[in-house]
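A.B. asks: Please read through the structure below; I'll follow up with questions.
The values are calculated or read from the model by the stated rules, or taken from the named source; none is laboratory data. From a predicted model like this one, the values you see are computed outputs, not experimental measurements. Please note: Cβ atoms are built from the backbone with ideal geometry, for glycine as well, and neighbour counts cover all protein chains shown. Ligands, DNA and RNA are excluded from the accessible area calculation, which covers all protein heavy atoms including side chains. Shrake-Rupley method; radii C 1.70, N 1.55, O 1.52, S 1.80 Å.
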Amino acid sequence: VEFAHADTFLSSGTATTLDAIINPDGSKDNLLFDLHQWLDRGNLGTSSICVTDNIAVFTPVVNWLRCRKRKAFLSATGGGNAASDNCMAGPTYMCQQMSYLHYNRDVIVGYTGWAAGSYDTSYIYDETPAWPANIPYADTPLVATCMYWP
């Protein structure tokens, strides 16, 4: 399995299947499950508009991981940079998701914001830093506002 969507990780049987994977010494140390989860309608990763904070999706996954002494990495998530996208202003869905994941960092060990290697700043999930005059690099609004762990 290349990755699993967090919203179907448990219901699809993927979690149970992957839980059988262990190290040659029988331990589960340093084995991470690779999860994806978008914030747009239908979890498709095709719209910049955030409609959920995914806390209801991640709660059973976090509980399952903790119960089985497993860990996961969120390798793809994203949202739009405009205030009207509801990711970081108004409803702050992306910020809420990232805060929840940070709170559960004992089992969700990190994340990657998906930008598809974007250098094209017109891409809906653009995270490419800008280089304004006299400032080394400036993060996109979404990255600066939500996508950091203290």
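A.B. asks: Taking interchain pairs and intrachain pairs at least six residues apart, which have beta carbon atoms under 7 angstrom, with the first residue in region 99-111 and at negative phi and open to solvent by 10 Å² or more (accessible area, probe 1.4 Å) and the second among the hydrophobic types (A, V, I, L, M, F, W, C) and assigned to a loop (DSSP other than H, G, I, E, B)?
C.D. replies: Within 7 Å, the pairs are His102/Trp149.
A.B. asks: For the structure I just gave you, tell me whether Asn23 is surrounded by fewer than 16 Cβ atoms within 10 Å (Cβ to Cβ) and either part of a helix (DSSP H, G or I) or in contact (Cβ under 8 Å) with a residue 24 or more places away in the chain (or both).
C.D. replies: When the stated conditions are applied, Asn23 does not pass them.
A.B. asks: Another question about this same structure. Hey, does region 96-119 have a residue that's more than 20 Å from Phe9 (Cβ to Cβ) and of a type in the set (A, V, I, L, M)?
C.D. replies: yes
A.B. asks: Against the condition open to solvent by less than 40 Å² (accessible area, probe 1.4 Å), among the hydrophobic types (A, V, I, L, M, F, W, C) and either closer than 18 Å to Thr112 by Cβ or assigned to a loop (DSSP other than H, G, I, E, B) (or both), how does Trp38 come out, does it pass?
C.D. replies: yes
A.B. asks: Now for a separate question. Please enumerate the residues belonging to region 49-69 that are among the charged types (D, E, K, R) and open to solvent by 50 Å² or more (accessible area, probe 1.4 Å).
C.D. replies: Answer for region 49-69, where residues must be among the charged types (D, E, K, R) and open to solvent by 50 Å² or more (accessible area, probe 1.4 Å): Arg66, Arg68, Lys69.
A.B. asks: Of these, Thr17, Thr46, which one is open to solvent by 40 Å² or more (accessible area, probe 1.4 Å) and in a helix (DSSP H, G or I)? Break it down into steps so the answer makes sense when it comes.
C.D. replies: Numbers: Thr46 fails: in a helix (DSSP H, G or I).
Criteria check complete, one pass: Thr17.
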